[in-house]
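Chemist: Sharing a structure with you now.
The values are calculated or read from the model by the stated rules, or taken from the named source; none is laboratory data. Here the structure is a predicted model, which is why all the values come from computation and not from measurement. Glycine also receives a Cβ, built like all others from the backbone with ideal geometry; neighbour counts cover every protein chain displayed. The area values use the complete protein model at the heavy-atom level, side chains included, leaving out ligands, DNA and RNA. Shrake-Rupley method; radii C 1.70, N 1.55, O 1.52, S 1.80 Å.
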Number of protein chains: 2
Amino acid sequence: MRIAVARETEPGETRVALVPELVGRLTGAGYEVAVEPGAGRGALIDDQAYVAAGATVNENALHGAGLVLSVQPVGLEALRFCAPRAATVSFLFAGQRAGDVAARQAAGITTFAMEQVPRISRAQSMDALSSQSLVSGYRCAIVAAGRLREFFPLSMTAAGTVRPAQVLVLGAGVAGLQAIATCRRLGAVVKGYDVRAAAAEEIASLGATPIDLDLPTLDGAGGYAREMSEDRAALQRERLAPHIAAAHAVITTAAVPGRQAPVLVTAAMVAGMRPGSVVVDLAADSGGNVEGVTAGGVVNVPTADGLGSVQLWGGSNVPSQMPGPASRLYAQNVVNVVQLMTRDGRFDPDPADEIVTGMLVTHPSLTTEAPAVDPEVTP
Amino acid sequence: MRIAVARETEPGETRVALVPELVGRLTGAGYEVAVEPGAGRGALIDDQAYVAAGATVNENALHGAGLVLSVQPVGLEALRFCAPRAATVSFLFAGQRAGDVAARQAAGITTFAMEQVPRISRAQSMDALSSQSLVSGYRCAIVAAGRLREFFPLSMTAAGTVRPAQVLVLGAGVAGLQAIATCRRLGAVVKGYDVRAAAAEEIASLGATPIDLDLPTLDGAGGYAREMSEDRAALQRERLAPHIAAAHAVITTAAVPGRQAPVLVTAAMVAGMRPGSVVVDLAADSGGNVEGVTAGGVVNVPTADGLGSVQLWGGSNVPSQMPGPASRLYAQNVVNVVQLMTRDGRFDPDPADEIVTGMLVTHPSLTTEAPAVDPEVTP
């Protein structure tokens, strides 16, 4: 059976779903691998590298393919030359693409969504949300360090001591913890906050100080946070305000892809920071944790003291800013999924496996859309 | 006596020679401190902060001043209302400003050059070349981490291991060592090279690997390197080439301000790096350690394999990219100089002190320019 690797078409998407070093895992399992020309260009991977690894590269890679791998979902038009009842593995975010899902269902395509890999330990190696969050979290910390024109580390010099920067990280999921770890590596004094009970210990384990706002915790399913009431959100903002005012850099990561992000920081809280401060909002793509943020842009917010401004950086497809490592990790996740779904030398997902059923969004045998994630679980 | 703090006028200069928290050191010693309005603006320091610290802020700060503090040298025109036989303390780089020096001498001004503070242990707290190099070295590492779209640290994930970046630092003076330390903090695998014998141990002490090119060392006066012959330089480039090709990021810091920097990396060596690599040249202001560099700009150099390009970043007044910490450290150096030159409650530099004589460039009693630094000592 042919596995096709699609060239991404979404603007700004630089990742690729398979990297040359993993081609052998698929050909070794008996698959033919065909890559669309230029698929790796955004990640600086040459077509020849795929060929050298045992794949073919051709414009008609999807023709007759039984399985199509991509980062963003491939459009129906591009799938029409695939083998009958072909399957796709990619991010889908079905909640945002209800129309696409219905059309895929009608076209008899089997769709597996990478963001629906269950958060169970057996599926960790397939968890692309986590692997891409790792990339985002690192990148956010580096962006904050680059935009802040202060030292992150403490420096002892003959002329005196340079005090370390104060960094506040809001949201301590995979991205937030990676941001904390990276800021700590650089020597900043880091505080972290998350609404989940388990987060405090994880924040502390990285050498940061967990903030306790004396509010009830909000643990939801799958390790994510539950949605909070507007009363609690207002109280949370009020109690976070002094911590934000004290920080040189704030990094917000309270987002679950595909959901509206909660506003953790108001415009007034940003304006209350000192001139030259930096706010990095990883959740900008889903509305932002920070009021006034622009995804993919930098907004200079004048400070309330009139002496300068705060740089408010909004992330947009942040993993695509590090396409090499993001692609390598994503490809690893995807190949592990394909391997799980390969039985007796064929692509044959086990309908009794909760990972398979968790990822399945459309299938010829399904008469309606598969249920979305529990609607109570929100960022 | 009035000490004036000048507002910098050189384009791109964001530092200021005195910060509010050090005003008290000068007023406590009996001086009046007057600051030109907006002097701290580039470093985000408000006029009011100087006033609150006990200084006055006014447009005529230099009128009647006996001592003028600045980062870049103040022009003669601005000095004409100072007290007779006024003194200045600033960077001067007399070698590049022969005309200025003669005019200052003719005008009867006493000029102390911060870059001529002797490299002796008693003068360490006045060594502004070192303090500003510390800032530059940190900044170069952060720029490299921000431009390279790979992880600096090794990451172990459920989906596999992300390999750490390979960084090569050329020149292991204060800036180079700080760049090494910062890259190591971030988890990169770092190699360092310097022509001086003592450097290997310092490089190793920071967790980096000193490169041995099997060439004679070149130790000069004051801890700087001696100039090398063109034969040796060619051999050095040849033997460095494989290390450069293996690096994801190269940071070059082989410069002494005011001197022409040696070319350590040719254009061909840059083109031989892999696509997406980053070269950060701290020496770009003095011609560059890297062929083809532009001070204050980024040049995308196509790679020899035709698959992408290398980003070649040229620093221009790099300390000004971090004006807050650079100003605080510089001000500390300057205040320590003033303190040294204050005897019996007056500004009265001791002509028998080697720090005073080392820094002195023009003085009414000198009939010719003071000798420049030993011309054999070069980067």
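Chemist: Which residue is it, in chain B, that holds its beta carbon closest to the axis of the B-onto-A rotation, and how many whole angstrom away?
Modeler: B:GLY146, 2
Chemist: Still on this structure, I have one more. About its Cα centre, how strong a charge dipole does the range B:137-320 have in debye, to the nearest 20, once Lys and Arg get +1 and Asp and Glu get -1 at the Cβ?
Modeler: Here the range B:137-320 has a charge dipole of around 560 debye.
Chemist: Follow-up question, since we're still on this one. May I ask you to report, in nm to one decimal and beginning with the shortest, the distances from A:THR209 to the same position in the other copies, taking label points 7 Å along Cα-to-Cβ?
Modeler: Nearest to farthest, the other copies are at 4.0 nm.
Chemist: Another one. Using a 1.4 Å probe and counting only protein heavy atoms, arrange B:GLU115, B:GLU21 so the residue with the most accessible area comes first.
Modeler: B:GLU21, B:GLU115
Chemist: From zero outward in steps of 5 Å, how is the percent of C-alpha pairs of the range B:282-358 spread across the bins?
Modeler: 3, 13, 13, 12, 10, 11, 10, 8, 6, 5, 3, 2, 1, 0
Chemist: To the nearest 20 Debye, how big is the dipole of the protein assembly as shown about its Cα centre, given +1 on the beta carbon of each Lys and Arg and -1 on that of each Asp and Glu?
Modeler: So the dipole magnitude of the protein assembly as shown works out to roughly 220 debye.
Chemist: What accessible area, in Å² to the nearest ten, does a 1.4 Å probe give for B:VAL174?
Modeler: Estimated to the nearest 10 Å², B:VAL174 gives 60 Å².
Chemist: With N set to the residue count of the range B:97-155, report its C-alpha Rg divided by 2.2 N^0.38 Å to two decimal places.
Modeler: 1.85
Chemist: Binning at 5 angstrom from zero up to the longest distance, how are the C-alpha pair distances of the range B:137-320 distributed in percent?
Modeler: Spelled out per bin, shortest first, that is 1, 9, 18, 23, 22, 16, 7, 3, 1, 0, 0.
Chemist: Taking every DSSP beta bridge with both residues inside the protein assembly as shown, roughly what % is antiparallel (nearest 5)?
Modeler: About 30 percent, rounded to the nearest 5.
Chemist: For the range B:223-266, how big is Rg over Rh, using alpha carbon atoms and the Kirkwood form of Rh?
Modeler: Ratio of gyration radius to Kirkwood radius for the range B:223-266: 0.98.
Chemist: Give the share of C-alpha pairs in each 10 angstrom bin for the range A:245-335, from 0 to the last occupied bin, in whole percents, shortest bins first.
Modeler: The distribution over the range A:245-335 is 18, 43, 26, 11, 3, 0, given as percents.
Chemist: May I pose another question? Note down the relative contact order for chain B as a percent, whole number, built from C-alpha pairs under 8 angstrom at least six residues apart.
Modeler: 19 percent
Chemist: Further question: Can you pull the semi-axes for chain A, root of five times each eigenvalue of the Cα gyration tensor, sorted largest first, whole Å?
Modeler: 40, 23, 18
Chemist: If R₀ is 35 angstrom, what is the calculated FRET efficiency for the pair A:PHE81 and B:ALA295, using the beta carbon separation as r and rounding to 0.05?
Modeler: About 0.05, to the nearest 0.05.
Chemist: Still on this structure, please answer the following. Would you calculate, for chain A, the mean residue ellipticity at 222 nm contributed by helices, counting each DSSP H stretch of 4 or more residues as -39,500 (n - 2.57) and dividing by all residues, to the nearest 500?
Modeler: Dividing the helical sum by the residues of chain A leaves -9000 deg cm²/dmol.
Chemist: Could you tell me the extents of the range A:1-144's C-alpha atoms along the three principal axes, largest first, rounded to whole Å?
Modeler: Result for the range A:1-144: principal-axis Cα extents of 45, 38, 33 Å.
Chemist: For B:GLY108, which inter-copy label distances result when the label point lies 7 Å beyond Cα on the Cα-to-Cβ vector, reported in nm to one decimal and in ascending order?
Modeler: Spacings between copies for this position, smallest first, are 10.2 nm.
Chemist: With +1 on each Lys and Arg Cβ and -1 on each Asp and Glu Cβ, and nothing else charged, work out how big the dipole of chain B is about its Cα centre, in Debye to the nearest 20.
Modeler: Value, rounded to 20: 740 debye.
Chemist: Using only Cα atoms, what is the ratio of the radius of gyration of the protein assembly as shown to 2.2 N^0.38 Å?
Modeler: Rounded to two decimals, the normalised Rg is 1.09.
Chemist: Taking the label point 7 Å from Cα in the Cβ direction, how far apart in nm is A:ILE120 from each other copy of itself, listed shortest first?
Modeler: So the distances to the same position in the other copies read 7.5 nm.
Chemist: Rounded to the nearest 5, what % of the DSSP beta bridges within the range A:136-320 are antiparallel ones?
Modeler: 30 percent
Chemist: Evaluate E = 1/(1 + (r/R0)^6) for A:HIS63 and A:GLU10, where r is the Cβ-Cβ distance and R0 equals 22 Å; express this FRET efficiency to the nearest 0.05.
Modeler: Here the calculated transfer efficiency is 0.50.
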